[in-house]
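Report on the following structure.
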Amino acid sequence: MKKTLAILLAAVMVLCLFVGCSETDKPADGEKGSVYWLNFKPELDETIQALGKTYTEKTGVPVKIVTAASGTYSQTLTSEMDKSGAPTLFIIGNQAGVKQWKDYAMDLKGTAIEKELSTDAYNLYDESGKLCSIGYCYECYGIIVNPTLIEKAGHSMDELKNFEGLKAVAEDIHARAGELGFDAFSSSDMDGSSSWRFTGHMANLEYFYEERDAGGWTECPASLTGKYMENFKNLYDLCINNSLTAPTDLATGGHDAENEFKTGKAAFFVNGSWEYSAVSETVPNATMIHYYCGVDGEEKAGLNCGTENCWAVNAKASAADQQATIDFMVWLVTDADASAKMVEQLGIMPYKKAVASSNGFLNDAAKYTDNGCYVMDWATNYQPNVDDYRAALVAALNQYNADQSAANWEAVKTAFVDGWATQYAAANK
């Protein structure tokens, strides 16, 4: 009898070797697993602590949520991953994070949470194609528009579908500003409180199209080609030359672009989704359009959207904990009450069943995506030695604003393109 039992056990062991039996391949029957979310956003803590408690009450699955103090996430994650009972849900928010944590990231392709996404624009992959993390919220930026002023000027929002249309409308409004009582663009100041809208955000249009030509960036490129500098110039020139403030007066700042837009003094305002609450108080029908700049096919372009808030599931957690974590994620983005609370804090979530956002600019971004437009990801996040790089670009733009000569534009191109290579070399000694 003992000999027969030993033979049977040996056969089972051999079979397991052939079919790949593993205690982590799938949860054991009845094993619920647990969730440990190491949260990145302190402002989200109160909401998700309550949601975790609700989920446990509904399902019996334990949910532990720890929120890292602001600015300490990387250190906290490193410390927690070295412990037993490490986080099952954590954040990998950029390609540098993918490089560091890819071995700890479960491939989310084909999982229930991946199937709930409304877009893959905020997904992060490693070099093998593994889906390491997925965005759970995002922000956007572009050109904020007051449709009422566009109509008062005798134009229609339907004209704003490409650079040619935007240019015609903006130049007409500027030419008739005295008659209309408002101008095209609000001020484009180059002081520290405003210059980032152009050296960081608007610059993204050049980076994005270079990135797209290269098939996507997975790390900071050592150099730029400057292929789309003329497109950047198209839009930048339109902003500074059809504005309430003369280009020569932009260097020192002091103009309140937001207030100019809110009080109806300008029809266009270059900024992002975080401005919705402020501007919608007085311009409730404010909307956001793409950075039209003359690139072929830009009629199918959406807004500049991005995030560093991306969920990853611990590849080294047990199968039961992985499943419990994914189930919890799916609940957060599909349950009406849970997703409403998440959206209230995050603005918008890129999931099919998540409750709609109350932020009109984020809803504009979602409409572009729903209509098949491509998302312009935040390639600007790759800027090397960002402070030094942008400071040189501000200096060159100020010189150009004072005198829009061909030579001064060449200096802008040098700061933009050669400056990237210089700062990349400095950052990668």
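The values are calculated or read from the model by the stated rules, or taken from the named source; none is laboratory data. No experiment lies behind these values; they were computed from the predicted model shown. For neighbour counting, all protein chains shown are included, and Cβ atoms are generated from backbone atoms with ideal geometry for every residue, glycine included.
What to note about this one:
- Tally of residues being of a type in the set (Gly, Ala, Ser) and under 22 Å from the mean Cα position of the chain (by Cα) across the stretch 36-68: 1
- Selection within the stretch 142-181 - under 13 Å from residue 265 (Cβ atoms) and either surrounded by 15 or more Cβ atoms within 10 Å (Cβ to Cβ) or basic (Lys, Arg) (or both): 146, 149, 152, 173, 174, 177, 180
- Residue 368 in a helix (DSSP H, G or I) and under 29 Å from residue 286 (Cα atoms): yes
- Odd one out for residue 282 among (1) surrounded by fewer than 17 Cβ atoms within 10 Å (Cβ to Cβ); (2) in contact with a helix residue (DSSP H, G or I) (Cβ under 9 Å, 6 or more places away or on another chain); (3) under 18 Å from residue 365 (Cα atoms): (3)
- Between 357, 273, 339, 277, the distinction of being over 30 Å from residue 228 (Cα atoms), hydroxyl-bearing (Ser, Thr, Tyr) and assigned by TED's automatic domain parsing to the domain that holds residue 201 belongs to 277 only.
- Test: residue in the stretch 293-310 that is in contact with a Pro (Cβ under 7 Å, 6 or more places away or on another chain) and of a type outside the set (Asp, Glu): no
- Any hit, the stretch 321-331, residues being among the acidic types (Asp, Glu), in the same structural domain as residue 59 (by TED's automatic domain parsing) and farther than 19 Å from residue 38 by Cα: no
Here's the yes/no breakdown for (1) within 17 Å of residue 165 (Cβ to Cβ); (2) buried (at least 24 other Cβ atoms within 10 Å of the Cβ); (3) among the acidic types (Asp, Glu):
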position	(1), (2), (3)
287	yes, no, no
314	no, no, no
321	no, yes, yes
339	no, no, no
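- Failed item, numbered, when residue 184 is tested on (1) buried (at least 18 other Cβ atoms within 10 Å of the Cβ); (2) not in a strand (DSSP E or B): (2)
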